[in-house]
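Participant: Okay, here's the structure, questions in a sec.
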Amino acid sequence: MATPVLEIDGLSKHFGGVAAVDGVSLSLEPGRIYGLIGPNGSGKTTLFNCITGIERCQAGRVSFNGERIDGLKPYEIARKGIGRTFQVIRVFPELSALENLLVVTRGGLAEAEARALELLRFVKLEGLRNEYAGNLSYGQQKLVEFVRVLMRDPTLILLDEPAAGVNRTLLNDLLDAVRRLRDRGKTVLLVEHDMKVVMGLCETVFVLDHGEKIAEGEPGVIQTDERVIEAYFGR
């Protein structure tokens with residue numbers, strides 16, 4: 001078996017007396033697309049925040065490519081090869097689409113601009129490269145944020161609700177891009193409420209409820225898991 005890209009062992013994070021993440025363990029192999037689902041408040045975004053160093057876990061460990069990273073600062077984790085998007089779009093509205101990608105670069109401008117144009121072409125936005133990000137549609141802004149994450153060529157990409165509010169055409173462009181990243185050896189973990197997206201895109205799905213992992217498996221198995229059905233529908 002391949003060495004896991006990401007390995008989480010017994011991770012816990014509490015806010016006061018509430019366990020947002022409670023003893024979660026999971027393992028991600030390279031070159032695969034994973035889904036992380038669960039009802040609202042189940043701990044999905046908190047888990048992302050713990051992986052990326054925004055929140056400090058109180059128990060357990062997080063390893064990336066065999067190296068322990070819990071306790072590192074967010075920028076240190078990003079530099080090791082983990083990129084993420086957020087639920088709320090974080091673009092610079094008064095910068096162009098191209099400039100939104102260039103702001104995260106280090107090194108030569110010419111090389112960075114070539115990379116940025118390649119990524120905008122990757123999601124069919126090259127023609128809007130000089131448009132202010134604030135003038136783009138919601139879905140186009142999500143695509144800009146998505147490819148901005150790719151500017152530093154991360155090994156692991158965390159997507160937080162990429163389908164939310166995106167029209168079907170742009171969503172199909174995004175999903176195609178995610179599949180192409182997987183085909184290039186990247187690993188993707190996405191939080192998503194659109195079950196059609198999850199079941200059609202992900203190869204393995206993890207399910208959280210009240211901070212605990214209650215199920216893990218292929219999409220077809222997860223859809224019929226009684227614990228998952230009860231978590232979502234209360235029966």
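Participant: When a/c is below 1.5 the answer is rounded, else prolate if a/b is larger than b/c, else oblate, so apply that to segment 85-145 with a ≥ b ≥ c taken from the square roots of the Cα gyration tensor eigenvalues.
Facilitator: Details: a/c = 1.70, a/b = 1.44, b/c = 1.18.
Prolate, since a/c reaches 1.5 and a/b exceeds b/c.
Participant: Can I ask one more? Whole-Hz Karplus ³J(HN,Hα) for segment 151-167, in order, using 6.51 cos²θ - 1.76 cosθ + 1.60 and θ = phi - 60°, x for Gly and Pro?
Facilitator: Values, residue by residue: 4, 9, 6, x, 7, 10, 10, 9, 10, 9, 6, x, 8, 4, x, 9, 5 Hz.
Participant: Would you tally the net charge around THR46, using a Cβ to Cβ cut-off of less than 10 Å, leaving THR46 out, and scoring K and R as +1, D and E as -1?
Facilitator: +1
Participant: Sticking with this structure for a sec: Highest GNM mean-square fluctuation, the chain, Cα pairs closer than 10 Å: which of ARG61, ARG148, ARG168?
Facilitator: Looking only at ARG61, ARG148, ARG168, the biggest GNM fluctuation is shown by ARG168.
Participant: Among DSSP bridges having both ends in the chain, what percentage is antiparallel? Round to the nearest 5. Show your work: numbers first, answer last.
Facilitator: Working: 20 of 36 bridges.
Around 55 percent of the beta bridges assigned by DSSP in the chain are antiparallel ones.
Participant: A follow-up question, please. Quick one: which of LYS80/LYS124; LYS13/LYS73; LYS13/LYS213; LYS13/LYS196 span more than 19 angstrom between C-alpha atoms? Don't jump to the answer; show the numbers that get you there.
Facilitator: Values: LYS80/LYS124 28 Å; LYS13/LYS73 17 Å; LYS13/LYS213 13 Å; LYS13/LYS196 30 Å.
Flagged as over cut-off: LYS80/LYS124; LYS13/LYS196.
Participant: Quick check: the distance between the Cα centres of segment 1-47 and segment 49-89, to the nearest angstrom?
Facilitator: Using only Cα atoms to place each centre, the spacing works out to 11 Å.
Participant: Here's another thing I want to ask about it. Helix 109-122 sits at what angle to the longest principal axis of the chain, using alpha carbons and giving 0 to 90 degrees rounded to 10?
Facilitator: Computed tilt is about 60 degrees.
Participant: With a sphere of radius 10 Å drawn around the Cβ of CYS57, what net charge do the other residues whose Cβ falls strictly inside it have (Lys, Arg +1; Asp, Glu -1)?
Facilitator: Working: positive: LYS13, ARG56, ARG61; negative: GLU55, ASP70.
Summing Lys/Arg as +1 and Asp/Glu as -1 gives +1.
Participant: Now a separate question. Based on the alpha-carbon set only, what is the convex hull volume of the chain divided per residue, in Å³?
Facilitator: Taking the convex hull of the Cα positions in the chain, it is 129 Å³ per residue.
Participant: Over the residues of segment 45-154, compute the C-alpha Rg and express it relative to 2.2 N^0.38 Å. It would help to have the intermediate numbers written out before the result.
Facilitator: Working: Rg = 15.4 Å, N = 110, 2.2 N^0.38 = 13.1 Å.
Against the compact-globule rule of thumb, the ratio is 1.17.
Participant: Under a 10 Å cutoff between Cα atoms, tell me which one of LEU201, LEU128, LEU109 has the largest fluctuation in the Gaussian network model of the chain.
Facilitator: Between LEU201, LEU128, LEU109, it is LEU109 that shows the largest mean-square fluctuation.
Participant: How much area per residue is accessible in the chain when the probe is 1.4 Å and only protein heavy atoms are counted (Å²)?
Facilitator: Numbers: 11140 Å² over 235 residues.
I get 47 Å² per residue for the chain.
The values are calculated or read from the model by the stated rules, or taken from the named source; none is laboratory data. This is a predicted model, so every value here is computed, not measured. All Cβ positions, even for glycine, are placed from backbone atoms using ideal geometry, and neighbour counts span all protein chains on display. Accessible surface is based on the protein model in full, side chains and every heavy atom, while ligands, DNA and RNA are left aside. Shrake-Rupley method; radii C 1.70, N 1.55, O 1.52, S 1.80 Å.
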